[in-house]
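As structure tokens, the structure follows; a few thoughts come after it.
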Amino acid sequence: MMRTAKLLAPLVLLALAGCFTLSRISPPLQQYVLSGARTPIAAAAVGDTSGLTIGIRRMDLAPYLATPAIVVRRGTHQIETSQFHRWGEDLGEGINHTLAAHLANVPPVKAVYVAPWAARSQHNFLLQLHVSRFEGVADSAATTGAVHVLTTWDIIRPLDGTLLVRGTTDYRDGQFTVGNYESLVGALNTALDRVARDIRTCLGRFPSDSRPPPFC
């Protein structure tokens with residue numbers, strides 16, 4: 001009988017350890033969104049025909065970014081994500097709406113619409129983004145880092161889909177504290193303002209809505 005009790009004792013301790021493990025409370029899930037508006041942006045005054053109307057197509061997002069994970073790149077090859085800090089929206093839609101908010105009502109742009117839009121909507125240009133990088137970057141042991149946003153953007157003629165000009169924004173700036181996802185998302189949002197400024201500068205070089213500049 002004593003021998004049986006000794007054999008059962010370790011099993012009882014393991015069972016109790018399992019109970020304590022299961023009862024541990026996980027940290028709450030924190031979700032983040034970019035700060036762009038979620039509706040078509042068209043706030044020009046009635047009768048105001050100045051400025052351009054832009055339609056932003058559904059974007060092309062790098063596959064490793066097309067997840068709820070907020071990415072921090074550690075070194076050259078390592079991708080770090082957190083189970084408890086995630087995007088609270090589809091990242092591609094969030095980027096498009098935030099870019100629209102940064103573009104709208106700043107010359108030469110008057111109004112911006114994000115796909116899908118009404119069938120009869122008319123635009124001077126369509127905009128297509130290809131996002132290759134949208135992440136924090138920090139050395140393996142670093143406690144602070146910068147953001148890296150790399151996007152190619154196409155300005156397209158709506159009537160026939162002709163690519164008029166292609167530009168690239170490669171933004172590496174915006175310090176954040178590793179582990180502080182609020183500051184990281186804020187820095188990524190600031191990077192999208194830089195993308196919008198590059199696009200506005202390019203659009204300002206168009207002599208008309210059908211003649212592209214030689215470069216952007």
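Any read-out appearing in this document is the output of simple, stated calculations on the displayed coordinates, not a laboratory observation. Small disclaimer: the values here were computed from a predicted structure and weren't measured. Positions of Cβ are generated from backbone atoms using ideal geometry, with glycine treated the same way; all protein chains shown enter the neighbour counts.
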Output for segment 111-148, where each listed residue is farther than 15 Å from ILE56 by Cβ, among the small types (Gly, Ala, Ser) and assigned to a strand (DSSP E or B): SER132, GLY136, ALA138, GLY145, ALA146
Residue in segment 199-207 that is surrounded by fewer than 17 Cβ atoms within 10 Å (Cβ to Cβ), over 20 Å from VAL106 (Cα atoms) and touching a residue at least 40 places away in the same chain (Cβ under 8 Å) present: no
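Quick one: in segment 88-128, of everything that is hydroxyl-bearing (Ser, Thr, Tyr) and crowded, with 19+ Cβ neighbours inside 10 Å, which residue is nearest to THR168 (Cα to Cα)? Reasoning before the result, please.
Keep residues of segment 88-128 that are hydroxyl-bearing (Ser, Thr, Tyr), which gives 98, 113, 121.
Still in the list and also crowded, with 19+ Cβ neighbours inside 10 Å: 98, 113.
Numbers: THR98: 18, TYR113: 21 Å.
Across segment 88-128, the extreme among qualifying residues is THR98.
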Residues that are closer than 22 Å to SER82 by Cβ, in contact (Cβ under 8 Å) with a residue 12 or more places away in the chain and over 24 Å from the mean Cα position of the chain (by Cα), drawn from segment 112-162: none
In segment 163-198, the residues that are without any contact (Cβ under 8 Å) to a residue 12 or more places away in the chain and of a type in the set (S, T, N, Q): ASN180, SER183
